[in-house]
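The values are calculated or read from the model by the stated rules, or taken from the named source; none is laboratory data. Please read these numbers as outputs of a predicted model, since none were measured by experiment. All Cβ positions, glycine included, derive from the backbone under ideal geometry; neighbour counts span all protein chains shown.
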């Protein structure tokens, strides 16, 4: 719970997403690539089952109630002072929002 509070504080000074690509507009191929990225790249810190590791638990039940835009902003800009890197150089805002929705709905 403290981790989510720290995330919220870190985002207080970050501007909102502009929304350059709605997540539903991703091609099936790109969606598969992003799912692989979550499982492999995110899983390297958050655990291969996303139950936590160096980074916090990313399962849907743990993230429940978190706005997708908040999660997308964390994906894009990372969390200063932690091991969470920014992915903005590699992902669009729409792709980050897709990842956020994927995490919030995984296993449902």
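Among the residues of the range 23-38, is any modelled with pLDDT under 95, under 12 Å from residue 100 (Cβ atoms) and within 15 Å of the chain's Cα centre (by Cα)?
Looking for residues that are modelled with pLDDT under 95, under 12 Å from residue 100 (Cβ atoms) and within 15 Å of the chain's Cα centre (by Cα), one finds at least one in the range 23-38, hence yes.
List the residue pairs whose Cβ atoms are under 7 Å apart, where the first residue sits in the range 89-104 and is free of Cβ contacts under 8 Å to residues at least 24 places away in the same chain and at positive phi, the second is assigned to a helix (DSSP H, G or I) and surrounded by fewer than 23 Cβ atoms within 10 Å (Cβ to Cβ), and the two are 6 or more positions apart or on different chains.
Matching pairs, first to second residue: none at all.
If you go through the range 47-85 one residue at a time, how many are assigned to a helix (DSSP H, G or I) and more than 17 Å from residue 96 (Cα to Cα)?
Within the range 47-85, residues that are assigned to a helix (DSSP H, G or I) and more than 17 Å from residue 96 (Cα to Cα) number 2.
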